[in-house]
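Participant: Below is one structure. I have some questions about it.
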Amino acid sequence: MAKQLIVFFAFVIMGILGANIWSMEKIRRSDDVVFVKLRPADPRSLMQGDYMRLRYDVEAKKSDEIVKDLGEEKKRGLLVLKIADNRVATVERLYQGEELADDERLISFYTRYRSVRLKPESYFFQEKQGSVYQRGKYAVFALYGEGDHLLVGLADKDLKVLKAETKEKE
């Protein structure tokens, strides 16, 4: 009986994990993506391999105003992004429950040291691909739900999604 319970719960856990992976892959492949401008940051870590530390332009713009509107006691909230025709997003304001326009979407944020921050704060990539990702000028986010977002890649100044270089075997 104990073995049957263990097997049963193992299948339940695998089913839950599989469903979660499937839903994240569905979101990742979504057409509902926006480009968020990046600020320059350090692209390497000797201990963790190659990665890019991400700092978003939206964190700098209107940060003081948003933190003030949010209040001292709250540490998390939603920002209203205005989406241009080319899918580049800019921060409009702190979301206060109002109706959104057709070209507006929500993205979640948190505050740290009286500054607005988006997650994730870093983007890991394959070793020796730093030169590809150093061209990254935009973070590519898939938006879903009420302010939820998933980083799906980086894009260059022309909004072309960057891909790791692969070496073909001879």
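The values are calculated or read from the model by the stated rules, or taken from the named source; none is laboratory data. Note that this is a predicted model, so its numbers are computed, not measured. Cβ atoms come from the backbone with ideal geometry, glycine included; neighbour counts cover every protein chain shown. For accessibility, only protein heavy atoms count, side chains too; no ligands or nucleic acids. Shrake-Rupley method; radii C 1.70, N 1.55, O 1.52, S 1.80 Å.
Participant: For segment 153-162, indicate whether the set of residues that are open to solvent by less than 70 Å² (accessible area, probe 1.4 Å), hydrophobic (A, V, I, L, M, F, W, C), more than 27 Å from Lys74 (Cα to Cα) and not in a strand (DSSP E or B) is non-empty.
Facilitator: Scanning segment 153-162, I find at least one residue that is open to solvent by less than 70 Å² (accessible area, probe 1.4 Å), hydrophobic (A, V, I, L, M, F, W, C), more than 27 Å from Lys74 (Cα to Cα) and not in a strand (DSSP E or B), so the answer is yes.
Participant: Among the numbered criteria (1) modelled with pLDDT of 85 or more; (2) farther than 20 Å from Ala155 by Cβ, which one does Met47 miss?
Facilitator: In the conditions (1) modelled with pLDDT of 85 or more; (2) farther than 20 Å from Ala155 by Cβ, Met47 misses (1) alone.
Participant: Now for a different question. Please determine, by comparing only the residues of segment 51-83 that are part of a loop (DSSP other than H, G, I, E, B) and open to solvent by 50 Å² or more (accessible area, probe 1.4 Å), which one is nearest to Ala164 (Cα to Cα).
Facilitator: Checked segment 51-83; the qualifying residue nearest to Ala164 (Cα to Cα) is Lys61.
Participant: Which count do you get for residues in segment 84-104 that are of a type in the set (D, E, K, R) and either open to solvent by less than 60 Å² (accessible area, probe 1.4 Å) or touching a Ser or Thr at 6+ places or on another chain (Cβ under 8 Å) (or both)?
Facilitator: Residues flagged as of a type in the set (D, E, K, R) and either open to solvent by less than 60 Å² (accessible area, probe 1.4 Å) or touching a Ser or Thr at 6+ places or on another chain (Cβ under 8 Å) (or both) within segment 84-104 amount to 3.
Participant: Look at segment 1-44 and say how many of its residues are assigned to a helix (DSSP H, G or I), at pLDDT 80 or above and aliphatic (A, V, I, L, M). Lay out the reasoning, then the answer.
Facilitator: Step one: of segment 1-44, the residues assigned to a helix (DSSP H, G or I) are 2-28.
With at pLDDT 80 or above added as a condition, the list becomes 2-18.
So of that shortlist, the ones also aliphatic (A, V, I, L, M) come out as 2, 5-7, 10, 12-14, 16-17.
Within segment 1-44, residues that are assigned to a helix (DSSP H, G or I), at pLDDT 80 or above and aliphatic (A, V, I, L, M) number 10.
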